[in-house]
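Asks: Quick one: the structure is below, questions incoming.
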Ligand code: PAF
């Protein structure tokens, strides 16, 4: 497995791989790899000849006062996991490599960036779209893999790829959960043992919303109220950022509920901001 930090070296290797006719699968990450990342990498490994992952804690997607400085990092552990999955190349750039002095170009996906997580994190998705665009330009993958846990990110990247005529397929893979339902996330590392026990409440709230819809409820307000009730039962939730049921394609509100729906939420427990979602398809 090669570990590449320089852009020229990455470009040279990608040119060689492409010249040999190999397909490239790509998994962009911010490191501190867990089973969720590994499931993306395993799928990418199966579906492509050459597997590239990137590890880069992207400062552009963190707002002021967010967790950039304490975001967990584990270079050696990550490289060992990537090697085990059969990764061919890890791109591990430094900040100054991707954002040299004078960098002033950003990618903004309008509309989709300003709802759900975009309300409390107004510059987050601009940072995500910009870095993912840069990484796609560098790696030139045939397929790129993202987790359903970050549903808004996945929708937005699909939009960007379509709008900017990027020549690759975006593959969205199922959320990987702990046994008690908590969606795997590097940020779960911030939870104390007591908070960790409380954390599955978000998934339970989403499932309660789903159950209500399955029982025939078609009012989004009633579904959100049900999810709020479940969250309110857990005193360790410090703050609810949002709980919504929206159209799973465009993230817009729908009343009455119909078609493909995204039940999504973000809550603060201790130092962690946890997000999760489920999709409910109505015939
Ligand atoms: O999902 C993530 O880990 C990040 O948002 C991504 C896609 C690697 C961009 O920094």
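Taken together, the values in this text are just the output of simple stated rules run on the coordinates, not laboratory data. On a predicted model such as this, the values are computed, not experimentally measured, just so you know. When we count neighbours, we look across all protein chains shown, and the Cβ atoms used for this are built from the backbone with ideal geometry, even at glycine.
Asks: Counting other beta carbons within 10 Å of each Cβ, put 227, 30 in order, fewest first.
Replies: On the way: 227 25, 30 18.
So the residues, fewest neighbours to most, are 30, 227.
Asks: Here is a further query. Roughly how tilted is helix 201-214, in degrees to the nearest 10 and between 0 and 90, from the longest Cα axis of the chain?
Replies: Value to nearest ten degrees: 60.
Asks: Go ahead and set up a Gaussian network model of the chain, Cα springs under 10 Å, then flag whichever of 115, 131, 246 fluctuates most.
Replies: 115
Asks: How big is the antiparallel share of DSSP beta bridges in the stretch 133-265, given as a percent to the nearest 5?
Replies: Numbers: 7 of 12 bridges.
Percent antiparallel among DSSP bridges in the stretch 133-265 is about 60.
Asks: Arranged by the count of other C-beta atoms within 10 angstrom, fewest first, what order do 268, 203 take?
Replies: 268, 203
Asks: Here is a follow-up. Starting from 0.36 nm per residue, how many nanometres of slack lie between residue 192 and residue 241 once their C-alpha separation is accounted for?
Replies: Length gained between residue 192 and residue 241: 15.6 nm.
Asks: Taking Cα atoms, how many degrees apart are the long axis of helix 151-163 and the longest axis of the chain, rounded to 10 and kept between 0 and 90?
Replies: The two axes meet at around 50 degrees.
Asks: Compute the normalised compactness of the chain: alpha-carbon radius of gyration over 2.2 N^0.38 Å, N being the residue count.
Replies: With N residues counted in the chain, Rg over 2.2 N^0.38 Å equals 1.02.
Asks: Any idea how far the Cα center of the stretch 5-49 sits from the one of the stretch 62-111, in Å?
Replies: Centre-to-centre distance over Cα atoms comes out at 14 Å.
Asks: Considering only the chain, what is the antiparallel percent among its DSSP beta bridges, to the nearest 5?
Replies: Working: 21 of 40 bridges.
Counting only bridges with both partners in the chain, antiparallel ones make up about 50 percent.
Asks: Note down, for the stretch 141-283, the three equivalent ellipsoid semi-axes (square root of 5 times each alpha carbon gyration tensor eigenvalue), biggest first, whole angstrom.
Replies: Working from the Cα gyration tensor, I get semi-axes of 26, 21, 12 Å.
Asks: Of the peptides 94-106, 181-193, 4-16, 65-77, how do they stack up when ordered by the mean number of other Cβ atoms within 10 Å, highest first?
Replies: Values: 94-106: 10.5, 181-193: 17.6, 4-16: 14.5, 65-77: 12.3.
For the peptides 94-106, 181-193, 4-16, 65-77, the packing ranking is 181-193, 4-16, 65-77, 94-106.
Asks: Mind listing the Cα extents of the stretch 115-187 along all three principal axes, in Å, largest one first?
Replies: Largest first, the stretch 115-187 extends 40, 28, 18 Å along its Cα principal axes.
Asks: Choose one answer from 26, 56, 146: the residue with the largest mean-square fluctuation in a GNM of the chain with alpha-carbon springs under 10 Å.
Replies: Its mean-square fluctuation being the largest, the pick is 56.
Asks: Between the stretch 113-182 and the stretch 235-258, what is the separation of their alpha carbon centroids in Å?
Replies: Their Cα centres are 19 Å away from one another.
Asks: For 276, 247, what ranking results if the residue with the fewest other Cβ atoms within 10 Å of its Cβ goes first?
Replies: Placing the least packed residue first, the sequence is 247, 276.
Asks: Please quote Rg/Rh for the stretch 1-154 to two decimal places, taking the Kirkwood radius as Rh and restricting both calculations to Cα atoms.
Replies: Value, to two decimals: 0.95.
Asks: For helix 35-47, report the angle its Cα long axis makes with the longest principal axis of the Cα atoms of the chain; keep it between 0 and 90° and round to the nearest 10°.
Replies: Taking the Cα atoms of the chain, the angle to 35-47 is about 50 degrees.
Asks: Once fully extended, how much extra length lies between residue 211 and residue 94, figured as 0.36 nm per residue of separation less the alpha-carbon to alpha-carbon distance?
Replies: 37.5 nm
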